[in-house]
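Read-outs: derived from the displayed coordinates by stated rules, not from any lab. Please read these numbers as outputs of a predicted model, since none were measured by experiment. Backbone-built Cβ (ideal geometry, glycine too); neighbour counts: all protein chains shown.
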Amino acid sequence: MGADAILVIAAVLLGLCIGSFLNVCILRLPRDQSLLRPRSTCPNCKQPIAWRDNIPLFSWLWLRGKCRWCHTAISKQYPLIEALVGVLFGVSLLTYGLSLHALSAALFGTLLLGIAITDARHYIIPDEFTWGGLVIGLLLSLGGGVPGFRDALLGAVVGFALLGLVGLAGSWVFKEEAMGGGDIKMMAMVGSFVGWRGVLITVFAGAALGSLIFVPLSLKKKKRLVPFGVFLAVGAAVAFVFGDAIVVWYGHFLKGD
């Protein structure tokens, strides 16, 4: 087995472990519970989950998706998220090579996945994802020296200010809260990874996707809550992967090339 294959396998295994931790965050952060205590238990029989039953993905497959003690079905969310993050880490390494950019892609994607699922389920974006992700984004930007950190900081400021202004304008027009604080803080985090241009792409793509999905639904039922963080997460992923190409295309479009 070649060195490249070993690195990819290692990246996938690391992703599986981080995906397992992400499951804990998704489950506990909306409830303001500690991520460390108490130990994980079966929701049905309350038996503590032993280490051998807590190996990411493999334990779920070995137990055939059931608790060892009471045989109650274990949610498919756990292995699915672990597998997704594992694939994300492997694909990031294959796409960007052994680089800081690959690490940024893997961690940013993990944060976006956690935000999307939590917001979809609870209409909450925990600060641990937003402020914690902002710190991670700024630290990773140091790999680009002063210019990299400056661009990340500018992106964070623009992301926070832009969505904050959108929220204020929406509140003034609709006479009620139009943008959650979690969405605003999320865009500060996103900006630290994709820069100010990526922020614009993220907001545009998120708003377009959200409109396509929720406007038809709102015609049937008014006062429907919108987990905007889900759509911003999709937009942010588009901005990270295709942002540079979109900016170049748009520049040519304006010039009429």
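Below are the figures for this structure:
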read-out	value
Spatially close lysines, pair count over the chain: Cα under 21 Å, gap of eight or more or interchain	6
Per-residue ³J(HN,Hα) for segment 46-58, Karplus 6.51 cos²θ - 1.76 cosθ + 1.60, θ = phi - 60°, Hz, x for Gly and Pro	6, 6, x, 8, 5, 4, 6, 9, 10, 6, x, 6, 5
Sequence-distant residues sharing a close amide H with K66 (under 5 Å, placed H)	I74
Helix runs (DSSP H) in the chain reaching 27 Å along axis by Cα, Kyte-Doolittle at least 1.0	3-28, 77-96, 100-122, 145-174, 181-220, 228-255
Computed over the chain: relative contact order in percent, which uses C-alpha pairs under 8 Å that are six or more apart	17
Helix-only [θ]222 nm of the chain, DSSP H runs n ≥ 4, -39500 (n - 2.57) each, per residue, nearest 500	-25500 deg cm²/dmol
Computed lengthening from L168 to T41, 0.36 nm per intervening residue step minus Cα-Cα distance	41.4 nm
Stokes-Einstein translational diffusion, segment 1-155 - Kirkwood Rh over all Cα pairs, 1.002 mPa s, 20 °C, in µm²/s	126
Charge sum, other residues only, whose C-beta stays under 12 Å from I49's C-beta, Lys/Arg counted +1 and Asp/Glu -1	+3
Long-range amide H partners of C42 with built H, under 5 Å	Q47, I49
Kirkwood Rh (inverse of mean 1/r, distinct Cα pairs), segment 89-154, angstrom	12.8
